[in-house]
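Presented below is the structure to which this report refers.
The values are calculated or read from the model by the stated rules, or taken from the named source; none is laboratory data. The shown structure was predicted, so the numbers you read here are calculated from the model rather than taken from an experiment. Neighbour counts run over all protein chains shown; Cβ positions are idealised from the backbone, glycine included. Calculation scope for accessible area: heavy atoms of the full protein, side chains included, ligands and nucleic acids excluded. Shrake-Rupley method; radii C 1.70, N 1.55, O 1.52, S 1.80 Å.
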Amino acid sequence: MTAVGWAMPAPAESAAEIFIETESFADRGGWQLDTQFIQQMGSPYLIAHGLGRPVEDASTTFAVESPGRYRLWVRTIDWVARWNASPSPGRFEVIVGDQTVPTTFGTQSAAWAWQDGGVLDLAAGEHKLRLHDLTGFDGRCDCVYLTTDLETTPPEVDDVLSQWRRSQLGLPEKPVEKGPYDLVVIGGGYSGMGAALSAARMGCRVALVQDRGVLGGNGSSEVRVWAMGNIRRGKFPRIGEIVEEFCDRATKSPGTFEEFGDDKKELIVLAEKSIDLMLHHFAYDVDAVDAKSGSDEPPSRHITGVRLLNTMTGEDLRVVGDRFVDCTGHGWIGAWAGADLDMTSEGRMGMSNMWRWDETDAPQTFPDTPWALDLNMADFPYPRDHHGQWFWESGFDKDPLGGAEAIRDWNLRAVYGAFNAMKNRDGADDHKNATLTWVAFVGGPRESRRLMGDVVLTEDDIVAKRDFPDGCVPSTWSIDLHYPKDQYAKKFPDNPFISVAVHDRRVDRMYGYPVPYRCFYSRNVDNLFMAGRCISVTHEALGTVRVMKTCGMMGEVVGKAASICERHDCDPRDVYESHLDELLELLRLPGKARRETVSSEIKIPDDAMDEAGPMGPMPGRDPAKLPGIVVDDRDAILKGNWAEGTGLKGYVGWAYRYAGNNSSAQARFNVKVPSDGQYRLQIYSTPHENRGNTVPVSVEVDGKSVKSLRINQREDGEEAPIDGGTFEFSANQTVAVILSTENAGGNVHIDAIGWVPAKN
């Protein structure tokens, strides 16, 4: 469909019809395309997300072939009416040519429905159509329909590409077909990107399907959740190198638009010639059949193609392939194919819509929001540092699929209600110059359906560190589950909008728990992989695997497994049962390793990353590259309570530690002297004003004290290690350096100890 509307050819006795999808408008102005809820209401739509300031008109043109009287219908919604809130915040007008239609739209129905705009006289020829926003508060419009049949209401069109909509768009009965591909990846978040890049570099032809215009999912500029989960560590430290290439470097959550690098993500994908990137394509169904079964068990299912809606043009596509990856987060592909699945009935986590505000040099106004949540300053946590963080979350135990738009809209009501309290209620005196700068209209969901694999990972597996032979992806996030925060839930007990995170920290955050490969494919859809938060885990185990960098590593594993499937013409399960050694070997390759086809020689490019260790890439200075014999604080024998830190840069190894003055903490650094000679003691320490200036240090040789001194960690050690003096040792003597906290004059800092052969 083009950006110009058109009248359906019809017999003389039939009514003339003109149908215009708003996503195809030639100029969207300040309106934005929303594709999140197509499965629920049938179509993409335009939303006037102006943060309380009316957005610029969206406009297009349409042609009238049959002049006459037309009734105008607009498919829209009063988005707060489901809560009996008023007046409608999402009001807008439709302007045809120079004539403003008298109806104010977005004011009638709590569900998506046709709103009557009355009758217009339209001459033959081209006409301009505009959507004119009145509020800036998320008015929304799906489509516009004009007909000379003045009496009949158009049919409901909640189904994706319903027959009536197909007819109006002139779509063929059969979709356009693309492919075949070795791997079809549905979902362009971290897991989907990891899968597509990994498979392509291992010789697969890949389709990467994303329903929006940017990649990254929750880690895009649309949602702005910074990427968490440690990568490049554990059993296979090469896993995560692909994620390292495209992950954001945001310093806050939500960060700034620029920090999420949407363009960088797209360029990295486009650089792979064997990936067909399909942005603005929404998966709405699959074609699947029963696979042959040689046993009494029910036959497994087999996907032959996935149906896509082009959200920019309305085109209907069918993408065919050998294997598919569900990276949708909600398990849509698996659900349509008949996969075994699960969804926790109670205690589910919700969806977040984060936001930012700023302060200007002059007073700013903000409209009153009587339709928003009725909030005063005590009803929400103050958005410090000018941003509303992850805990602005609602939808606990609400329908995360059919009710997704309502969850998002409740979040918007909470944000606008909070800012109204800051500007117009009891926070007004303190926020005269405050202005709302960004609110995510794309929600960041955490939990819905999970697809079952041959292993369903549990919390007990993770805490007990159950060792699976196919354990591969290191999960380092704590078991992090969200619940409504009681303090803020009292006013809105049916749908609280502030959460609290409850952490089970029995997860190894450095090495990680190796999640098994068998969680990444369906147990009853024979050619379906999954990566991301819809993998085969329990609700509790989801709490650790769901963060984005971990999801991206799942994709890397799936992509390599898909290349093995293509090479051996086998199913994902066969990789575990017959080709596990081959998969594990591929997981030891650099992320930039590549081959032209699945059977070609693998080549390692010169710009491959250095392999990290089991504890991950070392963020500090490498002890092995420092002079002499260096003992890092990780290898010290510790007594008492030592806190770990990384905030002061220039440290050695992975971190440093510190303990309070007179806290009875002690650190012993032992080393066996390799040869006779004089050695100079070097004490690595990063200075800070809270450090001790009389830190006690003692040196023992074979258990006997030979020297005691006190050092100043408040000022010394910035450019070079603190000099502890020169000592004469014999080969194989055991030398210990002990730092303690007694009368240290401040915090004691331990980082590393070095023994450097003294020059003659």
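Does the range 71-78 include one or more residues that are outside any strand (DSSP E or B) and either surrounded by fewer than 23 Cβ atoms within 10 Å (Cβ to Cβ) or at pLDDT 95 or above (or both)? It would help to see each step written out before you state the result.
Quick first cut of the range 71-78, residues outside any strand (DSSP E or B) only: 77-78.
Checking which are either surrounded by fewer than 23 Cβ atoms within 10 Å (Cβ to Cβ) or at pLDDT 95 or above (or both) leaves us with 77-78.
The answer is yes; a qualifying residue exists.
Going residue by residue through the range 711-724, is there one that turns out to be over 46 Å from the mean Cα position of the chain (by Cα), of a type outside the set (D, E, K, R) and open to solvent by 60 Å² or more (accessible area, probe 1.4 Å)? Before the answer, list the steps.
Restricting attention to the range 711-724, the residues satisfying the condition of being over 46 Å from the mean Cα position of the chain (by Cα) are 711, 723-724.
Checking the rest, the ones that are also of a type outside the set (D, E, K, R) come to 711, 724.
Filter again for open to solvent by 60 Å² or more (accessible area, probe 1.4 Å), leaving none.
So far as the range 711-724 goes, no, none of its residues is over 46 Å from the mean Cα position of the chain (by Cα), of a type outside the set (D, E, K, R) and open to solvent by 60 Å² or more (accessible area, probe 1.4 Å).
So in the range 733-757, with the set limited to residues that are farther than 13 Å from ILE629 by Cβ and in a loop (DSSP other than H, G, I, E, B), which one is nearest to the chain's Cα centre (by Cα)?
ASP751
Please work out which residue is farthest from the chain's Cα centre (by Cα), limiting yourself to the range 320-355 and to residues that are open to solvent by 10 Å² or more (accessible area, probe 1.4 Å) and among the aromatic types (Phe, Trp, Tyr).
Within the range 320-355, the match that is farthest from the chain's Cα centre (by Cα) is TRP336.
Within the range 407-425, take every residue that is farther than 16 Å from TRP392 by Cβ and assigned to a helix (DSSP H, G or I) and give me the one that is least open to solvent (accessible area, probe 1.4 Å). So that I can check it myself, show each step before the final result.
First, the residues of the range 407-425 that are farther than 16 Å from TRP392 by Cβ: 423-425.
In the following step, the residues that additionally are assigned to a helix (DSSP H, G or I) were identified as 423-424.
Numbers: LYS423: 19, ASN424: 62 Å².
It comes out as LYS423.
Between a first residue in the range 436-461 that is in contact (Cβ under 8 Å) with a residue 40 or more places away in the chain and among the β-branched types (Val, Ile, Thr) and a second residue that is surrounded by 24 or more Cβ atoms within 10 Å (Cβ to Cβ) and assigned to a strand (DSSP E or B), which pairs have beta carbons less than 7 Å apart while being 6 or more apart in sequence or on different chains?
Pairs found: VAL439/TRP355; VAL456/VAL537.
When the residues of the range 81-112 are narrowed to those that are crowded, with 18+ Cβ neighbours inside 10 Å and closer than 17 Å to GLU21 by Cα, which ends up nearest to the chain's Cα centre (by Cα)?
Checking each candidate, the answer is TRP112.
Would you confirm, using the coordinates I've provided, whether GLU566 is in a loop (DSSP other than H, G, I, E, B), open to solvent by 40 Å² or more (accessible area, probe 1.4 Å) and farther than 18 Å from PRO237 by Cα?
On the way: in a loop (DSSP other than H, G, I, E, B): no; open to solvent by 40 Å² or more (accessible area, probe 1.4 Å): yes; farther than 18 Å from PRO237 by Cα: yes.
The answer is no for GLU566.
Where residues in the range 443-494 are among the basic types (Lys, Arg) and crowded, with 19+ Cβ neighbours inside 10 Å, which of them is farthest from SER522 (Cα to Cα)?
Residues of the range 443-494 among the basic types (Lys, Arg): 446, 449-450, 465-466, 485, 490-491.
Now restrict to residues that are crowded, with 19+ Cβ neighbours inside 10 Å: 446, 449-450.
On the way: ARG446: 21, ARG449: 13, ARG450: 10 Å.
Checking each candidate, the answer is ARG446.
Can you pull out the residues in the range 569-599 that are in a loop (DSSP other than H, G, I, E, B), open to solvent by 50 Å² or more (accessible area, probe 1.4 Å) and farther than 22 Å from GLU272 by Cα?
Result: ASP569, ASP571.
Among the numbered conditions (1) assigned to a loop (DSSP other than H, G, I, E, B); (2) closer than 27 Å to ALA271 by Cα, tell me where MET618 comes up short.
For MET618, the failing item is (2).
For the range 609-645, give me each residue that is of a type in the set (A, V, I, L, M) and touching a residue at least 60 places away in the same chain (Cβ under 8 Å).
First pass over the range 609-645, keeping only residues of a type in the set (A, V, I, L, M): 609, 612, 615, 618, 624, 626, 629-631, 636-638, 643.
MET609, ALA612, MET615, LEU626, ILE629, VAL630, VAL631, ALA636, listed by residue number.
Looking only at the range 426-468, count how many residues are among the small types (Gly, Ala, Ser) and outside any loop (DSSP other than H, G, I, E, B).
Here is the first cut: in the range 426-468, the ones among the small types (Gly, Ala, Ser) are 427-428, 434, 440, 443-444, 448, 453, 464.
Going one step further and asking which of them are outside any loop (DSSP other than H, G, I, E, B), we end up with 428, 434, 444.
Selection size over the range 426-468: 3.
Going by what's in this entry, would ILE242 be described as part of a loop (DSSP other than H, G, I, E, B), modelled with pLDDT of 95 or more, open to solvent by less than 30 Å² (accessible area, probe 1.4 Å) and of a type in the set (Val, Ile, Thr)? Outline the logic, then answer.
Values: part of a loop (DSSP other than H, G, I, E, B): no; modelled with pLDDT of 95 or more: yes; open to solvent by less than 30 Å² (accessible area, probe 1.4 Å): yes; of a type in the set (Val, Ile, Thr): yes.
Spelling it out, it is not the case that ILE242 is part of a loop (DSSP other than H, G, I, E, B), modelled with pLDDT of 95 or more, open to solvent by less than 30 Å² (accessible area, probe 1.4 Å) and of a type in the set (Val, Ile, Thr).
Determine which member of the set LEU171, LEU197, LEU208, LEU183 is aliphatic (A, V, I, L, M) and open to solvent by 20 Å² or more (accessible area, probe 1.4 Å).
Of LEU171, LEU197, LEU208, LEU183, the one residue that is aliphatic (A, V, I, L, M) and open to solvent by 20 Å² or more (accessible area, probe 1.4 Å) is LEU171.
Looking at ALA665, ALA655, ALA643, ALA636, can you tell me which residue is within 22 Å of GLY616 (Cα to Cα) and over 36 Å from the mean Cα position of the chain (by Cα)?
Details: ALA665 fails: within 22 Å of GLY616 (Cα to Cα); ALA655 fails: over 36 Å from the mean Cα position of the chain (by Cα); ALA643 fails: over 36 Å from the mean Cα position of the chain (by Cα).
Answer to the selection: ALA636.
Quickly run through the range 621-662 and pick out the residues that are over 16 Å from ALA744 (Cβ atoms), in a strand (DSSP E or B) and among the charged types (D, E, K, R).
ARG621, ASP632, GLU644
Which of the following residues is open to solvent by 40 Å² or more (accessible area, probe 1.4 Å), modelled with pLDDT of 95 or more and of a type in the set (A, V, I, L, M, F, W, C): VAL699, VAL735, VAL706, VAL695?
On the way: VAL699 fails: open to solvent by 40 Å² or more (accessible area, probe 1.4 Å); VAL735 fails: open to solvent by 40 Å² or more (accessible area, probe 1.4 Å); VAL695 fails: open to solvent by 40 Å² or more (accessible area, probe 1.4 Å).
Only one candidate qualifies: VAL706.
Restricting the first residue to the range 245-264 and requiring it to be under 19 Å from LYS592 (Cβ atoms), which pairs with a second residue that is in a helix (DSSP H, G or I) and among the basic types (Lys, Arg) meet a Cβ separation below 7 Å and a spacing of at least six or different chains?
PHE246/LYS264; PHE246/LYS265; CYS247/LYS549
Looking at SER66, SER14, which one is without any contact (Cβ under 8 Å) to a residue 40 or more places away in the chain, open to solvent by 10 Å² or more (accessible area, probe 1.4 Å), in a loop (DSSP other than H, G, I, E, B) and of a type in the set (Ser, Thr, Tyr)?
SER14
For the range 683-702, enumerate the residues that are outside any loop (DSSP other than H, G, I, E, B) and not hydroxyl-bearing (Ser, Thr, Tyr).
ILE683, ARG691, VAL695, PRO696, VAL697, VAL699, GLU700, VAL701
Any idea which of (1) of a type outside the set (S, T, N, Q); (2) more than 24 Å from the chain's Cα centre (by Cα); (3) assigned to a strand (DSSP E or B) is the one PRO493 doesn't satisfy?
All conditions are met except number (3).
Can you say whether HIS132 is over 19 Å from GLY50 (Cα atoms) and of a type outside the set (Gly, Ala, Ser), as far as the supplied structure shows?
On the way: over 19 Å from GLY50 (Cα atoms): no; of a type outside the set (Gly, Ala, Ser): yes.
Taking the combined requirement at face value, the residue does not satisfy it.
Applying the selection to the range 356-394, what residues are out of contact with any Lys or Arg (no Cβ under 6 Å at 6 or more places or on another chain), outside any loop (DSSP other than H, G, I, E, B) and open to solvent by less than 20 Å² (accessible area, probe 1.4 Å)?
Residues satisfying the conditions are TRP357, GLY388, TRP392, GLU393, SER394.
Identify the single condition in (1) open to solvent by less than 30 Å² (accessible area, probe 1.4 Å); (2) hydroxyl-bearing (Ser, Thr, Tyr); (3) part of a loop (DSSP other than H, G, I, E, B) that SER59 does not satisfy, given that it satisfies every other one.
Single failed check for SER59: (3).
Here are some conditions: (1) in contact with a Lys or Arg (Cβ under 8 Å, 6 or more places away or on another chain); (2) of a type outside the set (Gly, Ala, Ser); (3) at pLDDT 95 or above. PRO299 meets all but one. Which one does it not meet?
Going through the list (1) in contact with a Lys or Arg (Cβ under 8 Å, 6 or more places away or on another chain); (2) of a type outside the set (Gly, Ala, Ser); (3) at pLDDT 95 or above, PRO299 breaks only (3).
Residues of the range 278-315 being assigned to a loop (DSSP other than H, G, I, E, B), touching a residue at least 60 places away in the same chain (Cβ under 8 Å) and farther than 14 Å from GLN210 by Cα, which ones? Break it down into steps so the answer makes sense when it comes.
Quick first cut of the range 278-315, residues assigned to a loop (DSSP other than H, G, I, E, B) only: 279-280, 291-300, 311-315.
Narrowing the set further to residues that are touching a residue at least 60 places away in the same chain (Cβ under 8 Å) leaves 279-280, 291, 298, 300, 311-315.
ALA291, PRO298, SER300, THR313, GLY314, GLU315 - these are the residues of the range 278-315 that are assigned to a loop (DSSP other than H, G, I, E, B), touching a residue at least 60 places away in the same chain (Cβ under 8 Å) and farther than 14 Å from GLN210 by Cα.
List every residue pair whose Cβ atoms sit under 6 Å apart, with the two residues 6 or more apart in sequence or on different chains, where the first one lies in the range 734-757 and is farther than 15 Å from TYR651 by Cβ and of a type in the set (D, E, K, R) and the second, anywhere, is surrounded by fewer than 24 Cβ atoms within 10 Å (Cβ to Cβ) and modelled with pLDDT of 95 or more.
The qualifying pairs are GLU742/PRO696.
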